[in-house]
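The values are calculated or read from the model by the stated rules, or taken from the named source; none is laboratory data. Owing to the predicted nature of the structure, the values given are computational and were not obtained by experimental measurement. Positions of Cβ are generated from backbone atoms using ideal geometry, with glycine treated the same way; all protein chains shown enter the neighbour counts.
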Amino acid sequence: MKKLFTSGLAAIFFLLLPLTLAYAQTRSLTPDDLFKIKNVNETIFSPDGKMIAYTLTVPRPLNEEPGSNYSNLFVYNIEEKENVGLLANQIIVSSLQWDSESERIYFLAKLGEQKSNQIYYVDADGGSPKLITNEISDILAFKISPDGKNIAFIRLEEKSKGKQQMLSKGFDAEIYEEEFQHRNLYLINLDDKTVKQLTTASSVFEFEWSPDSKNIAAAIADKNLVDDSYMFKRLYVIDTETALKYKLVDNPGKLTQFSFSPDGTKLAFVSASSVNDAVSGSLFICEVPNTKQFSQLRNYSEGFEGSVIMVKWKDENTVFFSSEEGVDITLREQKIDQKQSRLIIDPGRAVFRNFDFINNMICFAGNTKSHPNELFLFNTETGEITKLTNHNNWLENVKLAKQEMVEYSAKDGLKIQGVLIYPLNYEQGKKYPLITYIHGGPEAAVQNGWETSYGSWGQFAAAKDYFVFMPNYRASSGRGVEFTMAGFGDLAGKEFEDVIDGIDFLIQKGFVDKNKVGIGGGSYGGYFSAWAATKYTDRFAASVVFVGISNQISKRNTTDIPYEDYYVHWGFWTHENEQLVWERSPVRYAHQSKTPTLILHGKEDPRVHPSQSLELYRALKLHGKAPVRLVFYPGQGHGNSKNTSRYDFLVRTLEWFDYYLKSDYPKDRLPSKYLDFD
């Protein structure tokens, strides 16, 4: 009898199992899932090509002390198809490097009693990490020489003795932008652990070893200031024996990444095409040493409707480069003596930025519409892409909304692309509320991949049955230099009209209720959201302004990147056309606002000073005609890194949209100032 009863239960269980699975697979994404989203980040091949070391970003849960995400170390064995976690749990590792024998993985971390980031290594088959350096301050970057004898690393110079004495006596006054510490380059000999300083009186931001380990190419600026890191880095070559350096290329404007050819005679680099180009997205190659002026170098991206991200050499005459192309990412092959590049990874297969190459294999951290970054392997001979990891298998039980690329014509006929996510329970013929997400920059772009995070609501909002529209308005990256320059000196002009044209496109298609249009974004996206809530208030029923600009005059006088703002955005100083700068300031139109506006800002933001949000709040509070709320995040800068601040932002912004775009509550009131956290 007991046996029959058990069998009956089993039968019922198996009958219910398909229904249970079906139900589980249709649950929607919720803000709590923010702490489940893991992302593969760095990826690097072992020199023997048998393994890939990678980092995995793991969200810090709310039941721990507030802080940033963790970054764990994994190794994937390609032949055995095995994935092993070497360093996990509450740890943050970065800057992965292999030794020449494929036996050790070097990395940066702050472990045990160490109070600063140091260089460690761990055996590829496991074990405890071993400390390599013991510097007095954080090591910011490092690279092992190709011959395996030395490690070059960057750290801040020590404070002057006079400054240390003043601090010891309690005099802690700070002299703004005069007391920066240079980012010096050092060598540590791996045999005897002796350290040698290579640079002084300048700051090194990025560097690469030459294949013979005799020289280092470095991006160097005169000062360790953010503006210098944006606009004034120039390419130098440093002799590691004598520490003598010479300027290789007097590149104008932005510079991001570079790579030596296998024979060391050439350097490929990614930079802006001119000092006014906002995107470091053009590919150049120069001889080493170089006798040509920058203007004489061939721009391999001339006429290319895309933005180069990263370049690596395939052989002495060929480079691979990843690039933004519209809402997609591609990989291309460029022969240095040919005009056209060859497409290697087609648009739409995966979204990625950096990659590593060995033999006929390329690895990268990539995402798609259905999952965040995982580890991918691409075979250049067969064209096959394989997803090697599945750190987000919980998403198999989550129903995701439809997502697609959209293209429409602006008023002047220019084609604009963007990404559109449908309401999760979309019904044809029904109109829905819309959240318009605006990316920052403006020299950035939204890709047609995983666009769901604390700050870009994506599938979180779609699960609440919103349309989510993410336009790549003119001035965005990914469409070539001409498209980027279309916004130069015309901030929030035709750029913003592109957004309005996209919203009208969706309204005309019958997707969107024109009376329930919201907008939100951070930085330049926050600027657009403030602009929408004031200048274009008749078009928007709710706005979320995150670390956004409200007064362009005061913003230009308080930001830590005034030269970047001048060279690549405005092209003139405020006193040269003060009227235009004021006309492009949202506070100028705050008195006419009828849009409920939520303003959020990190209290330690150096890029867009928190006073920008205070100005907008005060102007709207005094003269606007709709509810306004200002939220400051202590300890946060130009974006939130702390888990509690990210969660608060996500829940608070979605609640704001729900209240003003979907609810029946009075729209002249504020929602509760407190959030219901379980």
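Things to note:
- Qualifying residue in the range 606-618 (condition: under 30 Å from P59 (Cα atoms) and free of Cβ contacts under 8 Å to residues at least 40 places away in the same chain): yes
- Residue ID - nearest to Y76 (Cα to Cα), chosen from residues in the range 123-149 that are in contact with a Lys or Arg (Cβ under 7 Å, 6 or more places away or on another chain) and assigned to a strand (DSSP E or B): D123
- Any chance Y76 is more than 30 Å from E655 (Cα to Cα) and surrounded by 14 or more Cβ atoms within 10 Å (Cβ to Cβ): yes
- Tallying residues that are of a type in the set (A, V, I, L, M) and under 24 Å from L424 (Cα atoms) within the range 360-403 yields 4.
- Here S476 fulfils each of the conditions (1) among the small types (G, A, S); (2) surrounded by fewer than 24 Cβ atoms within 10 Å (Cβ to Cβ); (3) in contact with a Gly (Cβ under 8 Å, 6 or more places away or on another chain) apart from (2).
- Applying the criterion of being of a type in the set (S, T, N, Q) and outside any helix (DSSP H, G or I) to the residues of the range 150-167, the residue that is farthest from P211 (Cα to Cα) is S160.
- Checked against (1) buried (at least 20 other Cβ atoms within 10 Å of the Cβ); (2) in contact (Cβ under 8 Å) with a residue 24 or more places away in the chain, S102 meets all criteria but (1).
- Residue check, L111 among the aliphatic types (A, V, I, L, M), surrounded by fewer than 19 Cβ atoms within 10 Å (Cβ to Cβ) and in contact with a Pro (Cβ under 9 Å, 6 or more places away or on another chain): yes
- Residue among L654, L650 that alone is assigned to a helix (DSSP H, G or I) and under 14 Å from G518 (Cβ atoms): L654
- Qualifying residue in the range 458-466 (condition: in a loop (DSSP other than H, G, I, E, B) and either modelled with pLDDT under 95 or among the aliphatic types (A, V, I, L, M) (or both)): yes
- Of all residues in the range 206-257 being of a type in the set (A, V, I, L, M) and more than 24 Å from the chain's Cα centre (by Cα), the one that is surrounded by the fewest Cβ atoms within 10 Å (Cβ to Cβ): L244
- Yes/no for Q403 being crowded, with 21+ Cβ neighbours inside 10 Å, modelled with pLDDT of 95 or more, more than 29 Å from F488 (Cα to Cα) and within 23 Å of the chain's Cα centre (by Cα): yes
- Failed criterion for M231 (all others in (1) out of contact with any helix residue (DSSP H, G or I) (no Cβ under 7 Å at 6 or more places or on another chain); (2) within 20 Å of F269 (Cα to Cα) hold): (1)
Okay, residues lined up against (1) at pLDDT below 95; (2) outside the structural domain of Y527 (by TED's automatic domain parsing); (3) part of a loop (DSSP other than H, G, I, E, B); (4) surrounded by fewer than 22 Cβ atoms within 10 Å (Cβ to Cβ):
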| residue | (1), (2), (3), (4) |
| --- | --- |
| R588 | no, no, no, yes |
| H601 | no, no, no, no |
| E604 | no, no, yes, yes |
| V608 | no, no, yes, no |
| R618 | no, no, no, yes |
| A626 | no, no, yes, yes |
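- Taking the listed residues K254, K266, the one that is within 21 Å of R332 (Cα to Cα) and charged (D, E, K, R) is K266, with no other qualifying.
- Sole residue being among the hydrophobic types (A, V, I, L, M, F, W, C) and more than 22 Å from G253 (Cα to Cα), chosen from I175, I216: I175
- Residue match in the range 252-267 (condition: of a type in the set (A, V, I, L, M), within 14 Å of K312 (Cα to Cα) and modelled with pLDDT of 95 or more): yes
- Taking the criterion of being farther than 20 Å from G264 by Cβ, loosely packed, with under 13 Cβ neighbours inside 10 Å and out of contact with any Gly (no Cβ under 8 Å at 6 or more places or on another chain), the residues of the range 282-313 that qualify are Q293, S295, Q296, E302.
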